[in-house]
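Following: one structure in structure tokens, then a few remarks.
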Amino acid sequence: MILSLRMSTSTLNISLPDSMRQFVEEKISKGGYGTISEYVRELIRKDQSSEQARFDVLIAEAYASGESSLLTKADIEEARKIVKARIAKRNRSK
């Protein structure tokens, strides 16, 4: 039995300075990538993986921080006051 999955694709046009274009073309010519698209896809995959790793660390830190507690309405209101004060302070300093 052969299982085949086909992902839909779309075209994305990007503009690069000549120096970046040359760098990408050198990466392809040195091997490892067959096309510019393959190179860009690999960069995106690495970025996605890095982002997921950051979330994993944050989740692990949250679990390690101890027992959680539910927020009350008073907690939420206090947080709103703090955020509003910070925004007002930032707007005054502009």
Item checked: Estimated FRET transfer efficiency when R0 is 35 angstrom, pair Ala88-Ala62 (beta carbons, to 0.05) -> 0.75
Check: Against the longest alpha carbon principal axis of the chain, how many degrees, from 0 to 90 and to the nearest 10, is the axis of helix 18-29 turned?
Finding: 60
Margin query: How tilted is helix 73-92 with respect to the longest principal axis of the chain? Cα atoms for both, answer in degrees (0 to 90, nearest 10).
Written below: 70
Item checked: Cleavage-rule hits, GluC sites (Glu not before Pro), region 1-73, DSSP coil, Cβ neighbours within 10 Å at most 16 -> Glu67
Checklist line | Answer label, with mean projected area of the Cα convex hull in nm² calculated from the coordinates and candidates [x] 5.3; [y] 14.6; [z] 12.1 | finding: [y]
Item checked: the chain, dipole about Cα centre (Lys/Arg Cβ +1, Asp/Glu Cβ -1), debye to the nearest 20 -> 680
Margin query: As an exercise, use a Förster radius of 41 Å and the Cβ-Cβ distance of Leu71 and Thr9 to find the FRET efficiency, rounded to the nearest 0.05.
Written below: 0.40
Next item on the list: Please report Ser68, Ser37 as a ranked list, fewest other C-beta atoms within 10 angstrom at the top and most at the bottom.
Entry: Ser68, Ser37
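Laboratory data are not the source of any read-out in this text; all were calculated from the coordinates shown. The shown structure was predicted, so the numbers you read here are calculated from the model rather than taken from an experiment. A quick note on method: Cβ atoms are made from the backbone with ideal geometry, for glycine too, and the neighbour counts reach across all protein chains shown.
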